[in-house]
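> Structure in structure tokens, see below.
The values are calculated or read from the model by the stated rules, or taken from the named source; none is laboratory data. These figures come from a predicted structure and were not determined experimentally. As a convention, Cβ positions derive from the backbone with ideal geometry for all residues, glycine included, and neighbour counts pool all protein chains shown. Just so you know, the surface numbers come from the protein's heavy atoms only, side chains and all, with ligands and any DNA or RNA stripped out. Shrake-Rupley method; radii C 1.70, N 1.55, O 1.52, S 1.80 Å.
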There are 2 protein chains.
Amino acid sequence: MDLDEVIKALAHPVRRDILQWLKAPEKHFADQEHPLEVGVCAGKFARCGLSQSTVSTHLAVLARADLVTTRRIGQWVFYKRNEETIAEFLRQIGHEL
Amino acid sequence: MDLDEVIKALAHPVRRDILQWLKAPEKHFADQEHPLEVGVCAGKFARCGLSQSTVSTHLAVLARADLVTTRRIGQWVFYKRNEETIAEFLRQIGHEL
DNA sequence: TTTGCGTATCGAAATATTGCGATCTATAGT
DNA sequence: ACTATAGATCGCAATATTTCGATACGCAAA
């Protein structure tokens, strides 16, 4: 886990929102036609009001920091929280701070 | 506590270093002529290799985020960790994330 | 294979952050 | 009042981040 990468990824409200939405997909993405178990479809995050390309960039930052995992199914890409990295971040930041 | 302000303040390695140094002043600033109880003198942070003005700016960012407290004594300004904000940040980030 | 849909990437503009030297302010000592 | 020291602030350059539209790519269906 790259602490610097993770903190910088978290230093943006939209990316924190995305992680929070992914915490309870059934609450925030109940309208998804695909099963939520595989993750949340990238396009669903348009709710933040940003353009498709911007949302994609934010998702890429989260993925680079390993805060989310991605899985491509057909033409869609599904995103899921990576609880391992999140837990390790909380542990490490609690230790370092 | 302004979570956004705090996270952005923490999103820089030098500022995290400063907070860590302040965790054990007797370990990192044993050479200080003033008693460490009042805090660590601003000038002591020059150890990070940055200029005086840059260090001062970093300290200001930490102070604005309420991660440190400042106390002026004569011509010196002493910095101390604000354990309350730090603890609240860890609580909140653990809850939000 | 052409068309369409979902997503990623590119290039560029706007904005924010980082860093420095110079300068200003505040305090202390002479 | 003058000088020195500590620290903050200003102005500016360099770099990074954010955002967008346009375009490229991957996949599926017609």
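> Exactly one of these conditions fails for A:Glu96: (1) open to solvent by 40 Å² or more (accessible area, probe 1.4 Å); (2) near DNA strand C (Cβ under 9 Å from one of its atoms); (3) within 14 Å of another protein chain (Cβ to nearest Cβ). Give me its number.
Tallying (1) open to solvent by 40 Å² or more (accessible area, probe 1.4 Å); (2) near DNA strand C (Cβ under 9 Å from one of its atoms); (3) within 14 Å of another protein chain (Cβ to nearest Cβ), A:Glu96 fails exactly one: (2).
> Just to check your reading of the model, which residue among B:Lys23, B:Lys8, B:Lys44 is away from DNA strand C (no atom under 11 Å from the Cβ), charged (D, E, K, R), under 30 Å from A:Arg15 (Cβ atoms) and modelled with pLDDT of 95 or more?
Among B:Lys23, B:Lys8, B:Lys44, only B:Lys23 is away from DNA strand C (no atom under 11 Å from the Cβ), charged (D, E, K, R), under 30 Å from A:Arg15 (Cβ atoms) and modelled with pLDDT of 95 or more.
> How many residues does segment A:43-88 hold that are open to solvent by less than 30 Å² (accessible area, probe 1.4 Å), assigned to a helix (DSSP H, G or I) and touching a strand residue (DSSP E or B) at 6+ places or on another chain (Cβ under 7 Å)?
2
> Which of the residues that make up segment B:18-37 are open to solvent by 30 Å² or more (accessible area, probe 1.4 Å) and more than 10 Å from chain A (Cβ to nearest Cβ)?
Passing the criteria: B:Trp21, B:Glu26, B:Lys27, B:His28, B:Ala30, B:Asp31, B:Glu33, B:His34, B:Pro35, B:Leu36, B:Glu37.
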